[in-house]
Amino acid sequence: MAAFPDTLDYSRDNCSVGRAMEVLGERWTLLVLREAFYGVRRFSDFERAIGCAKNLLSDRRAKLVGHGVMRRDA
């Protein structure tokens, strides 16, 4: 059996795909991003479009803001 080429030798501890999935891998998080890409900006509009509980929506948006994926404007 041939050894893996050096290009496939990477650290699983520092995997960019794994780190991204830690932030984006939840269903509601992806739906929040979808609506943001469609132009939704207000919390009540996210809530109406997605249909999840306020606490879940608030948590997911805070997580995205905390990781720098989204920005919160006043």
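Tabulate in residue order the Karplus-calculated ³J(HN,Hα) for segment 61-72, using 6.51 cos²θ - 1.76 cosθ + 1.60 with θ = phi - 60°, rounded to whole Hz; enter x for Gly and Pro.
5, 4, 5, 5, 5, x, 8, x, 7, 10, 10, 9
From the backbone phi of segment 37-44, what are the Karplus-calculated ³J(HN,Hα) couplings (6.51 cos²θ - 1.76 cosθ + 1.60, θ = phi - 60°) in whole Hz, Gly and Pro given as x?
With the stated coefficients, segment 37-44 comes to 5, 6, x, 5, 10, 8, 4, 4 Hz.
Calculate one ³J(HN,Hα) per residue across segment 45-60 by plugging θ = phi - 60° into the Karplus curve 6.51 cos²θ - 1.76 cosθ + 1.60, and present them in order as whole Hz with x for glycine and proline.
Karplus-based 3J(HN,Hα) across segment 45-60 equals 6, 4, 4, 5, 6, 8, x, 9, 5, 4, 5, 5, 4, 4, 4, 5 Hz.
Can you tally the net charge around Asp73? Count Lys and Arg as +1, Asp and Glu as -1, for every other residue whose Cβ sits under 11 Å from the Cβ of Asp73.
So the environment of Asp73 carries a net charge of +4.
Can you give me the long-range amide H partners of Met70? Hydrogens built in the peptide plane at 1.01 Å from N, cutoff under 5 Å, separation of 5 or more residues or another chain.
Close amide H contacts, sequence-distant or interchain: Val65.
The numbers here are math on the coordinates, done by the rules we state, and not lab data. Predicted, not measured: the structure shown is a model, and the values here were computed from it. Here the Cβ is made from the backbone with ideal geometry for all residues, glycine too, and neighbour counts use every protein chain on show.
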